[in-house]
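Contents: one structure, followed by commentary.
The values are calculated or read from the model by the stated rules, or taken from the named source; none is laboratory data. All values reported here derive from a predicted model rather than from experimental measurement. Cβ placement follows ideal geometry from the backbone for every residue including glycine, while neighbour counts extend to all protein chains displayed.
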Amino acid sequence: MTERTVARCPGPSTRAIILDDAIPPSAGFIAERYQHLGDDDLSYAAYTSEDYARRERERLWPRTWQMACREEEIPNPRDFLVHDIGDDSAIVVRQDDGSVRAFVNSCIHRGMQLAPSGSRGHASVLRCPFHGWSYASDGALRSLPCAWDFAHVDRAAARLDEIATGRWGGFVFVHFGDDPPPLGEFLHPVPELDLPVPMDARHIAAHYRKHLPANWKIALEAFLEAYHVMATHPEGLPTAGDANCQYDLLGDHVSRFIHTIGFQSPHLKGTPSEEDLLARLDRGRSGLRLQPGQRARDAFAEHLRTTLGAQHGVDLARVSTTQMIDSIEYYCFPNFVFFPGIALPMVYRFLPDPESVDRCFFDLWFLAPTRPGESPPPVPATVELALDEPFAAAPGIDPKLAFIYDQDVDNLARLTRGIKASRKPGQTLGAYQEVRIRHMRQTLARYLGEE
């Protein structure tokens, strides 16, 4: 590992841009927390090796907290949802008292799945479709046909194997291992975030699940840095501060970037007027005008405070400019990503395809603020997109965002093929802009016993 001062992009830093906003966030929110983690190449075998995927199934997925669902997906007692990861399958069930419990999705008779992978529904009892054994929502065995043939079964003690659950921000997490760490400790410092619209005051507005032509880590890592914007999303350079994006390592399992919007990329020459920046941000939709001395990003944030606040029935008047419009992304190891901002309210999850190390499933949720005093609306149906179906074909998605996601997806198959063709055994990462990838890989190596 080379010890040296890490270069930064010349020009204004993200922190300086945000501190100059009309409504800045707390100083703690934008504090820089970077650490140099080295510059050695990282092996490509992590993406292509079947043995590596096997070790993930054995040592990673059973030993980490997994985001299984949102609370509003199981709103009523005895609602359930099945979450699969690696070789493990959990059935997450809302209890009569409002709590959430999870059980191994396997009948204790002969191992049949109680509910199909990926399913969601409501059941007064969890009934095995093979022989009809049934269980209460708390996992206790309720009935078994031909009980006379099972005198050796202690029916009072027989129950489904329970899995640890945790809840934060409207998300339900499960842990398949024994004696897991507290969820808050695993996610630290995420539960302590002071968000103007808390994550549990939001609901699912849309959900897309896309089959991707890449290993889950290749897909995930494509979203952990803004370095690719210049080549992959060049149309965004006039209004996106990509090269001066701020990268922070916040804990063993958490990292973040803050990618400013309404600030021209340092890659472009010249200094645009604030009027030009505002026109690009608004895209001619609202005819916005600057007040004397006002910056484009502040004007656009103010516009969104008014329009989105009215649309969702929430008060956004004091939400900082950065939390209104910037791309603020938190990554929680191993496969969960969320954006706490208002204009870009996405959640990502990356799941390995059990049939192929070169495929994965990408869950993309858009969350919206829930009107105060009201229950979340019914969860919309998940839109499934096959390998050959672009986001542009998905109903309801913003065309501009669909275009961006399709640009990212277009990279993945070529990236997979290029990695397999490479004579060079590993990838060379930037020390600053790609530090979140190195942080992720180092954490993964610890779970797999490589350090």
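Look through the range 222-244, keep the residues that are assigned to a loop (DSSP other than H, G, I, E, B) and small (G, A, S), and return whichever of them is surrounded by the most Cβ atoms within 10 Å (Cβ to Cβ).
Step one: filter the range 222-244 for residues assigned to a loop (DSSP other than H, G, I, E, B), giving 222-228, 233.
From the residues that got through so far, the ones that are small (G, A, S) too are 222, 226.
Values: A222: 19, A226: 26.
It comes out as A226.
With (1) farther than 23 Å from P189 by Cβ; (2) surrounded by 13 or more Cβ atoms within 10 Å (Cβ to Cβ); (3) at pLDDT 95 or above as the list, and T14 as the residue in question, which single condition is left unmet?
Here T14 meets the rest and fails (1).
Looking for whichever is among the basic types (K, R) and assigned to a loop (DSSP other than H, G, I, E, B) here; the options are R349, R305, R359, R289. Which one fits?
Numbers: R349 fails: assigned to a loop (DSSP other than H, G, I, E, B); R305 fails: assigned to a loop (DSSP other than H, G, I, E, B); R359 fails: assigned to a loop (DSSP other than H, G, I, E, B).
The match here is R289.
Among (1) under 29 Å from A102 (Cβ atoms); (2) crowded, with 20+ Cβ neighbours inside 10 Å; (3) in contact with a Leu (Cβ under 9 Å, 6 or more places away or on another chain), where does H207 come up short?
Unmet for H207, out of (1) under 29 Å from A102 (Cβ atoms); (2) crowded, with 20+ Cβ neighbours inside 10 Å; (3) in contact with a Leu (Cβ under 9 Å, 6 or more places away or on another chain): (2).
So is R441 touching a residue at least 24 places away in the same chain (Cβ under 8 Å), outside any helix (DSSP H, G or I) and under 15 Å from L224 (Cβ atoms) or not? Before the answer, list the steps.
Details: touching a residue at least 24 places away in the same chain (Cβ under 8 Å): yes; outside any helix (DSSP H, G or I): no; under 15 Å from L224 (Cβ atoms): yes.
Taking the combined requirement at face value, the residue does not satisfy it.
Condition check: of a type outside the set (F, W, Y) and under 24 Å from E355 (Cβ atoms). Does V82 satisfy that?
Details: of a type outside the set (F, W, Y): yes; under 24 Å from E355 (Cβ atoms): yes.
Taking the combined requirement at face value, the residue satisfies it.
Looking at L187 and the list (1) under 20 Å from R70 (Cα atoms); (2) in contact with a Leu (Cβ under 9 Å, 6 or more places away or on another chain), which single condition is not satisfied?
Unmet condition: (2).
Could you grab me the full set of residues in the range 174-192 that are aromatic (F, W, Y) and either in contact with a Ser or Thr (Cβ under 7 Å, 6 or more places away or on another chain) or not in a helix (DSSP H, G or I) (or both)? Before the answer, list the steps.
Applying the first criterion (aromatic (F, W, Y)) to the range 174-192 yields 176, 186.
Result: F176, single match.
Test each condition in (1) surrounded by 21 or more Cβ atoms within 10 Å (Cβ to Cβ); (2) touching a Ser or Thr at 6+ places or on another chain (Cβ under 9 Å); (3) under 29 Å from E50 (Cβ atoms) for A219 and report the one that comes out false.
Condition not satisfied by A219: (2).
H233 fails exactly one of the following numbered conditions: (1) under 22 Å from G341 (Cα atoms); (2) of a type outside the set (S, T, Y); (3) outside the structural domain of C332 (by TED's automatic domain parsing); (4) over 16 Å from the mean Cα position of the chain (by Cα). What is the number of that condition?
(3)
If I ask for residues that are among the aliphatic types (A, V, I, L, M) and in contact with a strand residue (DSSP E or B) (Cβ under 9 Å, 6 or more places away or on another chain), which ones from the range 17-45 would you list?
First, pick out the residues of the range 17-45 that are among the aliphatic types (A, V, I, L, M): 17-19, 22-23, 27, 30-31, 37, 42, 45.
Those that are among the aliphatic types (A, V, I, L, M) and in contact with a strand residue (DSSP E or B) (Cβ under 9 Å, 6 or more places away or on another chain): I17, I18, I30, A31, L37, L42, A45.
Can you find a residue in the range 131-138 that is of a type in the set (A, V, I, L, M) and in contact (Cβ under 8 Å) with a residue 24 or more places away in the chain?
If we filter the range 131-138 for residues that are of a type in the set (A, V, I, L, M), which is where we start, we get 136.
Right, trim to in contact (Cβ under 8 Å) with a residue 24 or more places away in the chain and you get none.
No, the range 131-138 has no match at all.
Keeping to the range 359-396, report how many residues are acidic (D, E) and either assigned by TED's automatic domain parsing to the domain that holds S119 or within 20 Å of E73 (Cα to Cα) (or both).
Initially, the range 359-396 is screened for residues acidic (D, E), giving 363, 374, 384, 388-389.
This time we only want the ones that are either assigned by TED's automatic domain parsing to the domain that holds S119 or within 20 Å of E73 (Cα to Cα) (or both), so: 363, 374, 384.
Residues in the range 359-396 being acidic (D, E) and either assigned by TED's automatic domain parsing to the domain that holds S119 or within 20 Å of E73 (Cα to Cα) (or both): 3 in total.
Take R202 and decide whether it is basic (K, R) and surrounded by fewer than 19 Cβ atoms within 10 Å (Cβ to Cβ). Don't jump to the end; show me each part of the working.
On the way: basic (K, R): yes; surrounded by fewer than 19 Cβ atoms within 10 Å (Cβ to Cβ): no.
So R202 fails the test.
Which residue is surrounded by the fewest Cβ atoms within 10 Å (Cβ to Cβ), if the candidates are limited to the range 256-290 and must be in contact (Cβ under 8 Å) with a residue 60 or more places away in the chain and out of contact with any Ser or Thr (no Cβ under 9 Å at 6 or more places or on another chain)? Steps first, answer last, please.
Applying the first criterion (in contact (Cβ under 8 Å) with a residue 60 or more places away in the chain) to the range 256-290 yields 256-263, 266.
Adding the requirement that they be out of contact with any Ser or Thr (no Cβ under 9 Å at 6 or more places or on another chain) leaves 256, 266.
Values: R256: 20, P266: 16.
Among them, the one singled out is P266.
Name the residue, out of S99, S137, S117, that is in contact with a Ser or Thr (Cβ under 7 Å, 6 or more places away or on another chain) and either surrounded by 14 or more Cβ atoms within 10 Å (Cβ to Cβ) or among the polar types (S, T, N, Q) (or both).
Working: S99 fails: in contact with a Ser or Thr (Cβ under 7 Å, 6 or more places away or on another chain); S137 fails: in contact with a Ser or Thr (Cβ under 7 Å, 6 or more places away or on another chain).
Only one candidate qualifies: S117.
So which of A402, A421, A394 is touching a strand residue (DSSP E or B) at 6+ places or on another chain (Cβ under 8 Å), of a type outside the set (D, E, K, R) and more than 22 Å from F333 (Cβ to Cβ)?
Working: A402 fails: touching a strand residue (DSSP E or B) at 6+ places or on another chain (Cβ under 8 Å); A421 fails: touching a strand residue (DSSP E or B) at 6+ places or on another chain (Cβ under 8 Å).
Among A402, A421, A394, only A394 is touching a strand residue (DSSP E or B) at 6+ places or on another chain (Cβ under 8 Å), of a type outside the set (D, E, K, R) and more than 22 Å from F333 (Cβ to Cβ).
What are the residues in the range 310-336 that are touching a helix residue (DSSP H, G or I) at 6+ places or on another chain (Cβ under 7 Å) and in a helix (DSSP H, G or I), if any?
T321, T322, M324, I325
Could you list all residues from the range 291-318 that are surrounded by fewer than 16 Cβ atoms within 10 Å (Cβ to Cβ) and either among the polar types (S, T, N, Q) or over 21 Å from P372 (Cβ atoms) (or both)?
Taking the range 291-318 and keeping what is surrounded by fewer than 16 Cβ atoms within 10 Å (Cβ to Cβ), we get 291-294, 306-307, 310-311, 313, 315, 317-318.
Q291, P292, G293, Q294, T306, T307, Q311, listed by residue number.
Which residue pairs have Cβ atoms under 8 Å apart, sit 6 or more places apart or on different chains, and have a first residue in the range 18-40 that is closer than 12 Å to T321 by Cα and a second that is surrounded by fewer than 15 Cβ atoms within 10 Å (Cβ to Cβ) and at pLDDT below 95?
Matching pairs, first to second residue: I23/R318; S26/D194.
Give the range 406-451 a look and list any residue that's of a type in the set (F, W, Y) and in contact with a Phe, Trp or Tyr (Cβ under 7 Å, 6 or more places away or on another chain), or say none.
Going residue by residue through the range 406-451, those that are of a type in the set (F, W, Y) are 432, 447.
Across the range 406-451, the qualifying residue is only Y432.
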